[in-house]
Structures are given as C-alpha cells and as structure tokens.
Amino acid sequence: MPMLPNYRRCLCCRKVDHKSAFWRVVRVFPSQQVQLDQGMGRSVYLCPNENCLQLAQKKDRIGRSLKTAVPAEIYQTLGQRLVANSTMVHHTDSDNAAQKTAFDAAGG
Ligand SMILES: [Zn+2]
C-alpha cells in the first residue's frame, strides 16, 4: 500500500499520520548519534503520547529500529514534552464550556 508523501507510521502502535504529528528520533549520519527532531539519517516516528512512549522505551522499539543504543536523555526529553502537553490538555479539559467557547473564538 503506497503511503502518502510526508506521512509516517508510529513504530509502536502503527498509526499513520502526517510526519509533523509525530516525534522524530534520528540516528544521525555519519556520527550515529541519536537525537530528536533534526538531522539527516535513519529516523523513526512516534506518537506524542504516553502509551507509545512507554512502549517504545520498555520494548526498546527505537533502539531496535535504529540498531543503536538510545540515550536515556532522549526518553527524558520526550517525557518532559509529554508533561508539558498534558498540562495544557488538562487545563482546557477542566475549563467550563463558556471558557472553551471563548478559547475557540480566540482562534486557539
Ligand atoms: Zn503510536
């Protein structure tokens, strides 16, 4: 099945989405250093959610796919991003409907 341009698959849950919707982990060429977001090399994509992050870490999905060790700080950084995101989600979830309407009207 051909995949649309710029669409990628999560290496944990196999969900397909635009690459901008995923975290990208790159094994940079030629240094083999593993880093996030930027760089040329072999890359994998991961949903920005707790399930996929935990699965990736527990099963070493990223390391297996990239065939290299993934530094703990990669998971730490992604975990911190997750906390930042979920804080925002919880905030809007706990708002009442009127505030949500105002939020939507403001273009958020
Ligand atoms: Zn996923």
Mind counting the residues in segment 19-43 that are among the small types (Gly, Ala, Ser) and surrounded by fewer than 13 Cβ atoms within 10 Å (Cβ to Cβ)?
-> 2
Among the residues of segment 76-88, is there at least one that is within 11 Å of the ligand (Cβ to nearest atom), without any contact (Cβ under 8 Å) to a residue 60 or more places away in the chain and of a type outside the set (Val, Ile, Thr)?
-> no
Among the residues of segment 19-35, how many are part of a strand (DSSP E or B) and more than 16 Å from the ligand (Cβ to nearest atom)?
-> 5
Kindly indicate whether any position in segment 55-63 is surrounded by fewer than 19 Cβ atoms within 10 Å (Cβ to Cβ), within 15 Å of the ligand (Cβ to nearest atom) and within 11 Å of the chain's Cα centre (by Cα).
-> no
Look through segment 1-18, keep the residues that are within 13 Å of the ligand (Cβ to nearest atom) and not in a strand (DSSP E or B), and return whichever of them is surrounded by the fewest Cβ atoms within 10 Å (Cβ to Cβ).
-> Arg14
Report, ordered by the first and then the second residue, all pairs with beta carbons closer than 6 Å, sequence separation of six or more or different chains, a first member in segment 56-68 that is without any contact (Cβ under 8 Å) to a residue 60 or more places away in the chain and under 16 Å from Ser31 (Cα atoms), and a second member that is surrounded by fewer than 19 Cβ atoms within 10 Å (Cβ to Cβ) and of a type in the set (D, E, K, R).
-> Leu66/Arg42
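Since every read-out is calculated from the coordinates, none of them should be taken as a lab result. Quick caveat, the model's predicted, so the values are computed rather than measured. Every residue, glycine as well, gets a Cβ built from its backbone with ideal geometry; the counts of neighbours run over all protein chains shown.
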